[in-house]
1. Check off (1) in contact with a helix residue (DSSP H, G or I) (Cβ under 7 Å, 6 or more places away or on another chain); (2) crowded, with 23+ Cβ neighbours inside 10 Å; (3) in the same structural domain as TYR577 (by TED's automatic domain parsing) for GLY607 and give me the number that stays unchecked.
2. Quick one: which of LEU285, LEU315 is within 25 Å of GLU603 (Cβ to Cβ) and touching a helix residue (DSSP H, G or I) at 6+ places or on another chain (Cβ under 7 Å)?
3. Just name the residue that is nearest to LYS483 (Cα to Cα) out of those in the range 496-532 that are part of a strand (DSSP E or B) and among the aliphatic types (A, V, I, L, M).
4. From the list PRO502, PRO408, PRO436, which one is in contact with a helix residue (DSSP H, G or I) (Cβ under 9 Å, 6 or more places away or on another chain) and either assigned by TED's automatic domain parsing to the domain that holds SER324 or of a type in the set (Gly, Ala, Ser) (or both)?
5. Scan the range 659-671 and tell me whether some residue there is closer than 30 Å to ARG458 by Cα and crowded, with 20+ Cβ neighbours inside 10 Å.
6. So which residues in the range 610-623 are buried (at least 21 other Cβ atoms within 10 Å of the Cβ) and touching a helix residue (DSSP H, G or I) at 6+ places or on another chain (Cβ under 9 Å), if there are any at all?
7. Determine whether the range 286-296 contains at least one residue that is more than 24 Å from GLY452 (Cβ to Cβ) and in the same structural domain as PHE597 (by TED's automatic domain parsing).
8. Hey, among VAL384, VAL377, VAL403, VAL364, which residue is assigned by TED's automatic domain parsing to the domain that holds THR507 and not in a helix (DSSP H, G or I)?
Amino acid sequence: MTAWNADTEAAASESGSVTVVEGSSFCISSGTGDISSDGGTNGAFFQDTRIISHWVLRINGSLREPLSAQRPKPFEATFVGRAQWSGRRFDSPLVVRQHRHIGPGLQDDITLENYSAEPVECDMELLVDADQADLFDVKVGRTSRHAEPVRTVRDGRLVIEGVHGEERRGTAVHARGAAVSTDGLRFRVTIPPRGKWATSVIVVPLINGRAPQGAFSDDGLPHHREGVRRHRHWEQNVPLITVSDANLQAVLNRSQSDLGSLRIFDPHHPERAAVAAGAPWFMALFGRDSILSSYMSLMVDPKLAAGTLQTLAGLQGMKVDHDSEEEPGRIPHEVRLGVTAGLSLGGTAYYGTADATPLFAALVGELSRWGLSKDIVEPLLPHVDRALEWIDRYGDRDGDGFVEYLRPNDHGLVNQGWKDSWDGINFADGTMAEAPIALCEVQAYVYGAFVGRSLLARWSGDHALEQHWEGRAAELKAAFNEKFWLPDKGYFAVALDKGKRPVDACTSNMGHCLWLGIVDEDKAPSVVEQLMSPQMFTGWGIRTLASDMGAYNPVSYHNGSVWPHDTALVATGLMRYGFVEEARRVATGIFDAAEHFDGRLPELFCGFDRGEFPGPVPYPTACSPQAWAAAAPIQLIRALLRFDPVFTRGVVHLAPILPEGVGDFQAENVLLDTSRVTIRAHGTGGSIDGLPPGLKLLAQPRPPLAYPPREA
C-alpha cells in the first residue's frame, strides 16, 4: 500500500494546537509552543517531511506556565508564558516570549524578561528531535519505516539526518550563545533586574546536505523573507471589502487572508501562484481542490486561477502508468514532495481522480469570460484539447458517453470524486456502490468542459469547432437527464455503478449539476425541493447525504456532514436556476456558521440540525485554514451579487439580491482585465465604478448556459 491509499481525511491534532503555515511549510505545536514526540501529529514540516518532531523548552528544569498564544499572521505565532524561578512558578516575575516564524525551516525568537528588582539566573534548555518522517506516515500514526536518524554536532550546529532510499533528509539547529549537544541546545544566562535576554533559534532543513533557497539565517530578518513579501503584496492587492454586517466583513477578510497564506509557488516559475488544498495536511497542489478553490476565488484574484491552471498544465499526463494512474491528458489529483511519494510511485504526482481533468477545461473556458489576456488563455488551449481527448479515450471507459473511474491497482483511491473516502458512494439502503462508477457531478463537470471549449472556440472565431462542442454538450445533457434521473424519487442518482444501476442515495452532488447547468429546467424544482428539505438542509448548510439514507451519520466525513465549499456550489446552482430565496437562505446559514468558527470556516463540520445545538458542531479532524472552505464565502457573496463578467460579449452582469441584514456592501480594487473596479450594492441595487472601456453594465443576472448558448 502506498501513501495515496491512506485515509483521505485529515489527521487529528491535539486540542488547543496552533498551526502556522507558509506555502508548503507548516508547523503544528501545543498552545505553549512546544512540540511533543509522543507519537502524535505535531511537528514542523518542509516538503512533506517532518523536520522537527520534538521541541520542548525547559527553564530552570521546568516547563512554562502558558499565558497566551496568538497568531497575528498565517506564517507566525507568539507564545507567552511564565517560567519558574526560585521555586516560584505561579507568581514568578520571569516572562517568556517565543515568536515563531515558519518558511523554508523555522525560526524561534525567544526573549526572557525579568520583572523583579534582582538579577535572575536562568538555565534554559531546548530538547530537539527530528524523525524525518514522511507526512503520510505522521498523518496516519504509522511508525517510521526507515532507520533511526543520526545525530551529530558539526560547526556549532545540531544535525539530525536520516536516509530514505537514495535521498538524505536532515535538520540543522543552531543559536548564538548556545552550548550544543546531541540532545539539543542549552543556555546559561543572568538577566539583570528589570532587564531582558534574547536569542534566535534557527532550524534549516537539509536535502542531501544542502539547505533550501531562502532558508532562515543569522544575517537575515524573518520579516524580509520572500514569503512574507509575497503575503504583504497579496494583502495590498486583493479587494478592500467593507460591509455594514461586521460579521460578514470579518468572514470575507479572513477568507482573503487565508487564501493568500495557502498559495504555493513553482520554483521554476516563481511568478505563478497556485493554491494548495489546505493546512496542515494538504499543503500541496491538488487538481480538483485547487481548481475549485481558484474558481470560487475569481472575485479576489483571477490570476490565482491562471497560475493554478498553468502549474497543472505542466504536470498533465504524458503516458500510461498503472501505478500512479497517469494517462495522456489527465490532470493530476495530488502532487507531493515527500520521500514516501517518490519511493512508492517513482515520482511525485498521483493522477487517480475522475474530475480534475474536466474541471481544468471548464475553468479555462471561464477565464476567457473573466477577461484574462490571450497571452494567458491561448497557451492553455492545447492542454484543454488534451484533457478532452482524455475524457473520450480514458475517462469514458466503456463508450457509453459517461466518465467512470476504476483504479487499475490495489493502492490507489477507491473512490475518485470529491467524496473520495472509501464509503463515500452508497445506495439509499447504505450498500456500497462498486466500481466502475460514473458520478453525477463528474458528468456535469464534463458538460462544463464541453461548454467551455465551445466558448473558447467562439472566442477564437472557429465557428465549426464551436458548433461541434455545442453538439457534444447537448448530447451529454440529454443522456444525463435520461439515465441519472429517478422519477419516483424526484432527484438525480449520485452515480451509476458497475452494472449501470442508478445509485439512488439523495446527496448534495446533484447541487453541482445545478451549478453547471446540466439539469433540465423541468426537473430543477424537484431537485431544489430535495436539497432544501429538512433531510438535506441543516440550517447551517447542505448535508452531503440526506438524514433518511441508510449510510447517514452526521459525524462522518462524507455521509452527512456539511462542507462549506459544497454548500456554496449548491447555492450557486440554486441561484442559476432562479431559486433566489433558497440561495439566500443557504448563504445566510453558512455565514452564520462562520461566525461560530471565529470567521474561518473549516473544511467541514458535523451535520446536526441547527436547532439541536447553539452552534455548528466542529468535525474533529477538519483542516483549517482550507482553500475551498476559505473560498466559499467569496463564491457566496459573488452569487448574491449575481456578479458575472462576460468579456466575450462585452458585458458585466450585476443584479444583487443581498439579504436585508447585510446592509451596504462595497468591494474596491476588484481586478477585471487590467482594470481595478469598485462594486457597490445594497439590497437589490448595485453599481460598478471604473469598468474597462468597451464593457457595458447590465443590471440583470447572466442567463444560464443551456444550449444554444446565446446569452446577451
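The values are calculated or read from the model by the stated rules, or taken from the named source; none is laboratory data. Not measured: the values here are computed from a predicted model. Heads up, the Cβs are rebuilt from the backbone with ideal geometry, glycines too, and the neighbour counts pull from every protein chain shown.
1. (1)
2. Working: LEU315 fails: touching a helix residue (DSSP H, G or I) at 6+ places or on another chain (Cβ under 7 Å).
That would be LEU285, the only listed residue that is within 25 Å of GLU603 (Cβ to Cβ) and touching a helix residue (DSSP H, G or I) at 6+ places or on another chain (Cβ under 7 Å).
3. LEU496
4. Working: PRO408 fails: in contact with a helix residue (DSSP H, G or I) (Cβ under 9 Å, 6 or more places away or on another chain); PRO436 fails: in contact with a helix residue (DSSP H, G or I) (Cβ under 9 Å, 6 or more places away or on another chain).
Answer to the selection: PRO502.
5. Checked the range 659-671: at least one residue is closer than 30 Å to ARG458 by Cα and crowded, with 20+ Cβ neighbours inside 10 Å.
6. From the range 610-623, those buried (at least 21 other Cβ atoms within 10 Å of the Cβ) are 616, 619, 622-623; that's our starting set.
Passing the criteria: PRO616, ALA622, CYS623.
7. no
8. VAL403
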